[in-house]
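Below is one structure, written out as structure tokens; comments come after it.
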Amino acid sequence: MKSLALAGAAALSISAPASAEYLYGFGSASVNYLDWSNKAEDLSNGFKEDFLFLELEGGAGFSWGEMYGFIDLENPGSIGNGDKDGKPDGFRLAAKGTIGLNTGVNNLQVYGQLYTLNESGSQGNTFQVQNYVGGLRYNVFTESGFWFKPFLGAHIESNNFAGTGYNGLMAGWVLGYDFNVGNQKLSVSNWHETEFLREDQFRQGGALDSVGHNGAVALWWHLPAKFTLGLQYRYYDHKLGDAGYGDALIYTVKYNF
């Protein structure tokens with residue numbers, strides 16, 4: 001599949017610097033259930049359906065910078081089968097990889113991001129999309145447990161309906177805060193992306209605004225024996241094919257390696 005080849009190429013491109021000094025790393029496997037709100041389901045004319053997904057996630061830091069990635073298996077029980085009713089209940093494979101290369105200027109990094117999605121459709125049809133972002137990121141860390149990583153970059157999009165081309169700019173961030181309540185370890189996190197100056201080519205004939213938002217806010221409860229429970233509020237506006245605001249809740253059970 002095209003997206004797997006692209007993901008493989010991205011992994012190979014970072015394998016050489018990965019041999020530099022290792023500083024830290026993390027990894028996890030999780031079971032997740034995404035429950036769309038009634039508003040999101042209505043906005044999509046019933047096209048969006050709740051789904052289960054399995055996720056492998058990991059990241060590492062080196063003397064040259066850092067990298068992060070995940071792979072999601074959505075509707076894993078439908079592997080090998082397309083959806084039966086024209087709705088997205090067939091198997092989907094989603095993956096994302098990011099890399100930050102230190103510039104030597106304070107905490108500024110050269111930043112790259114790749115997101116890819118393959119969806120098995122009805123009657124053997126598939127939907128494929130890739131989003132590439134290249135630009136700069138700045139890392140902020142504090143002794144209080146709060147960290148913040150904003151980025152800005154050019155956006156290239158490719159999908160098998162709209163073609164491939166420049167699609168404006170993307171700005172966003174990931175952030176987190178670790179804290180305790182009594183003897184319980186918790187954290188909050190947020191990832192967010194705003195696309196702006198989007199081209200008509202990727203706006204479904206102008207149905208979507210030139211600005212779109214996408215993200216999630218999460219609360220994590222870190223249990224003994226390397227387990228974590230999570231509740232995520234997933235949100236989007238003029239993204240994911242819908243001309244409006246939609247949201248969902250994601251329930252997560254995670255095992256940390």
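Listed here are the residues, each with its yes/no results for (1) of a type in the set (Val, Ile, Thr); (2) assigned to a loop (DSSP other than H, G, I, E, B); (3) surrounded by 14 or more Cβ atoms within 10 Å (Cβ to Cβ).
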| position | (1), (2), (3) |
| --- | --- |
| 186 | no, no, yes |
| 189 | no, no, yes |
| 193 | no, no, yes |
| 207 | no, yes, no |
| 220 | no, no, yes |
| 234 | no, no, yes |
| 242 | no, yes, yes |
Review point. Filter the range 115-126 for residues that are at pLDDT 90 or above and surrounded by fewer than 21 Cβ atoms within 10 Å (Cβ to Cβ); which is farthest from residue 22 (Cα to Cα)?
Key: 118
Review point. For residue 25, are the conditions met, namely being modelled with pLDDT of 95 or more, under 20 Å from residue 112 (Cβ atoms) and either in a strand (DSSP E or B) or of a type outside the set (S, T, N, Q) (or both)?
Key: yes
Exercise for review: Only one of these is touching a Ser or Thr at 6+ places or on another chain (Cβ under 9 Å) and either crowded, with 19+ Cβ neighbours inside 10 Å or on the phi < 0 side of the Ramachandran plot (or both): 166, 138, 132. Name it.
Suggested key: 132
Exercise for review: Could you please give the count of residues in the range 56-100 that are at pLDDT 95 or above, in contact with a helix residue (DSSP H, G or I) (Cβ under 6 Å, 6 or more places away or on another chain) and in a loop (DSSP other than H, G, I, E, B)?
Suggested key: 1
Check your understanding: Under the condition of being within 16 Å of the chain's Cα centre (by Cα) and of a type in the set (S, T, N, Q), which residue from the range 25-66 is farthest from residue 232 (Cα to Cα)?
Key -> 28
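The values are calculated or read from the model by the stated rules, or taken from the named source; none is laboratory data. Remember, predicted model here, so these are calculated numbers, not experimental data. So basically every Cβ, Gly included, is an ideal-geometry build from the backbone, and we count neighbours across all protein chains shown.
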